[in-house]
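The values are calculated or read from the model by the stated rules, or taken from the named source; none is laboratory data. Predicted model only: the values in this text are computed from it and were never measured. So basically every Cβ, Gly included, is an ideal-geometry build from the backbone, and we count neighbours across all protein chains shown.
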Amino acid sequence: MKAFVVRPFGTKHDINFEDVHKYLIAPALAACDIQGNTTEVFMQAGSIRADMFQQLLVADIVVADISIHNANVFYELGIRHALQPMRTFLLRAKTKTPPKERTAEDEVPFDLKTDRYLDYDSDHPGDRLQALIDGLQQTLASEKSDSPVFQMLPDLEGQDRSRFLPVPRSFHEDVETAARSRSLGLLSLLALEAQDFFWASEGLRLVGRAQFDLKAYRDAKVCWEELYKLNPLEPEANQRLGTIYQRLGDLDASDQALHRVLSNKKVTRPERAEALSLIARNIKERWRSSWQGLPIEQAPAAALKSPDLLKAYDKYRQGFQENLDSFYAGLNALSLLTVAVELAKKLPEAWANRFDTDEQATGELAALELERQKLAGAVAISLDAARAELLQNDREDRWVDISAADYLFLTSNRPKRIAYAYQEALAGAPDFYFDSACAQMKIFQGLGVFTDRTETALAAFQRPGTSQEPKAPPARVILFTGHMIDAPGTTPPRFPNSLRLAARRAILNAVQQEIARTDGAVVAIACAASGGDLLFHDVCEELKIERCPHLPIPPDSFRNESVSPAGRFWEDSFDALMKKFPSVPCLAQTTDLPRWLSSQKGYTSWQRANLWLIQEALAINAKNFTLLSLWDGVKTEGLGGTYHMRAVAQERGAALVTIYMSDLTTADAATTQ
């Protein structure tokens, strides 16, 4: 989260504003995990006015010190109040002037007299630190306008900040490259790094969209929850979270996110239609869970009995009526209505039990039959309009083709024609298209509805040599970090070549211990430098652990820098490893930071490589995460070393298993911390 501080500079009117910032404002921002500063950071860059205007518009919160009548402060505060309705916090030093001697400059200006502000003692500003922390937290949590402009003009709308947060083109390209290669760890690293820039929210949005499209829902959840915090009513963040929570099994949280979309009066009709459809999907999921797993002779009655069947249908219908271009909603409504009608026909007694009289049951079923006919006609028109638009623009959309096949399944009694439509729509499609289309078939199959159509259509979903079941995540991922073999003449020695065998035995013991305490599969990740990395890979091969080397730069460059100085034995080990893994993931082509990162002071490519490896380990989505380190215990090494890796991994929830270099001279032991 980013803040912009508006205040006087230096000492004015006996107030040292630098001390106020040092002892009050800066510590409060840090305590709230907010990054921010004044225009001072822009003075060296040149275009201070443009940067200042932009910050007043896009900052997540503005802190303004109105202690004195400073024209610049009031000018900038006025700009903020005119541009954004929320999250402007005022503070002011208590006046020291005796009451009888006070002038207009000792008072708050008339236009701000009704505004709340935090007062502080300019001689001891730090005394109000906790009060400022509490005030900032309350301001961030509030959804009320604090701008007098927006309070007086309720129909005025704040500016869309995303339009004024230009994300560097090179960052765009890095996200696109990572998404194309499905590099989930790199995407998470990019999201982490973007948070240090003022365009953080839009950088997170780019990454979050990519993660969402790749179905990396746990990773995407982090990005979209951060965007939700910045704007709790933002439609896109809440819609994405609605799907993410549903995919992760939290339907209640999904419903809450989607109802936030519907409560926003500014959302468009397509956005409302999408939110209603996603709420309907949650109801449908609850309905399906009420009968799934039951014997075939019990499932139809349980499905018909559940009130969620027609609730889900009605919510999908609302979504379709909200936006008739949303054939997805209409098609799902038609599917559920068809299930209800067919089950009612198949189980007339169970249907009649829902009503006071048989006549009511018959009349309601007739009404649903008529509604099905009307809905089928409307969905057909919507699908035709979508296909006509695609044809007009010379475009293709496989989802439209699959939806047309779904519609045919619901309305045609020619099973072979339906099967051909699915075969045509799914020809050459990736697995997830098959999975999506197959889901509807499974509902009808599980309920014994349209049996002939279902069995014939399902034959079109068979893919020789492929499995529809996704691979389960492992129980534990082990990430290794450790020192390289000492270069000749290293004094004092840290990892001399004479300790190679002792180090390998210690690594073997530690890995065996992790396997023994894990119930399930174990996978491993490590770099491939001389010393600990290559020994770890050798141990994993002996223990038949699935592993994957990751390199910060391409193999040949990495070999020159991190392997060859240790000698021929390590070069041969590295070369053998690369033959087993001809396509290893690489972070970058050189050790230079990306152009968009080059301004980050104190950030190195080796630190970045550590963060990347940790994100790659987390992206595996294992239940447990272990960092195994071969370490000399020194905590003063530079960023990017073993100590840095350990500190960051522990923050991410890793169990630290440490092999101390000093122990290798007496015992090959590992200690768990």
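Residues that are surrounded by fewer than 19 Cβ atoms within 10 Å (Cβ to Cβ) and in a helix (DSSP H, G or I) within the stretch 257-281 comprise H259, L262, S263, R269, P270, listed in sequence order. Just wondering, is there one or more residues in the stretch 210-217 that are closer than 28 Å to S598 by Cα, modelled with pLDDT of 85 or more, in a helix (DSSP H, G or I) and of a type in the set (D, E)? Looking for residues that are closer than 28 Å to S598 by Cα, modelled with pLDDT of 85 or more, in a helix (DSSP H, G or I) and of a type in the set (D, E), one finds none in the stretch 210-217, hence no. Is it true that V539 is without any contact (Cβ under 8 Å) to a residue 40 or more places away in the chain, buried (at least 19 other Cβ atoms within 10 Å of the Cβ) and in a helix (DSSP H, G or I)? Answer is yes for this residue.
For the stretch 87-139, filtered to residues that are among the β-branched types (V, I, T) and at pLDDT 90 or above, the residue that is farthest from A59 (Cα to Cα) is I133. Within the stretch 507-533, residues that are closer than 23 Å to T642 by Cβ reach partners that are among the polar types (S, T, N, Q) and crowded, with 20+ Cβ neighbours inside 10 Å with beta carbons closer than 6 Å, at six or more positions or on different chains, in the pairs E514/T626; A529/S562. Of the residues making up the stretch 282-312, those that are without any contact (Cβ under 8 Å) to a residue 12 or more places away in the chain and not in a helix (DSSP H, G or I) are G293, L294, P295, E297, Q298, P307.
For the criterion of being at pLDDT 95 or above, among the small types (G, A, S) and over 24 Å from V58 (Cα atoms), S254 passes. Restricting the stretch 595-616 to residues that are surrounded by fewer than 17 Cβ atoms within 10 Å (Cβ to Cβ) and more than 19 Å from T481 (Cβ to Cβ), the residue that is modelled with the highest pLDDT is R595. Taken over the stretch 117-147, the criterion of being assigned to a helix (DSSP H, G or I) and buried (at least 16 other Cβ atoms within 10 Å of the Cβ) is satisfied by P125, G126, R128, L129, L132, I133, G135, L136, T139, L140.
Of all residue pairs spaced 6 or more apart or on separate chains, none has beta-carbon atoms under 9 Å together with a first member in the stretch 613-634 that is not assigned by TED's automatic domain parsing to the domain that holds A647 and a second member that is modelled with pLDDT of 95 or more. Among all positions in the stretch 498-520, there is no residue which is surrounded by 23 or more Cβ atoms within 10 Å (Cβ to Cβ), under 23 Å from K579 (Cα atoms), touching a Cys at 6+ places or on another chain (Cβ under 8 Å) and of a type outside the set (S, T, N, Q). Scanning the stretch 178-198 for residues that are under 23 Å from L57 (Cα atoms), crowded, with 21+ Cβ neighbours inside 10 Å and of a type outside the set (G, A, S) turns up just one, E193. Residue count for the stretch 175-218 under the criterion of being closer than 18 Å to L618 by Cβ and among the aromatic types (F, W, Y): the result is 2.
Residues in the stretch 333-351 that are over 18 Å from Y316 (Cα atoms) and part of a helix (DSSP H, G or I): E342, L343, A344, K345, K346, P348, E349, A350, W351. Considering (1) within 15 Å of F4 (Cα to Cα); (2) out of contact with any Pro (no Cβ under 7 Å at 6 or more places or on another chain); (3) crowded, with 19+ Cβ neighbours inside 10 Å, the lone condition that N72 does not fulfil carries the number (3).
Summed over the stretch 500-534, the residues that are under 31 Å from the mean Cα position of the chain (by Cα), at negative phi, part of a loop (DSSP other than H, G, I, E, B) and small (G, A, S) give a count of 2. For M441, state whether it is out of contact with any Asp or Glu (no Cβ under 7 Å at 6 or more places or on another chain), of a type in the set (A, V, I, L, M) and under 30 Å from Q298 (Cβ atoms). So M441 passes the test.
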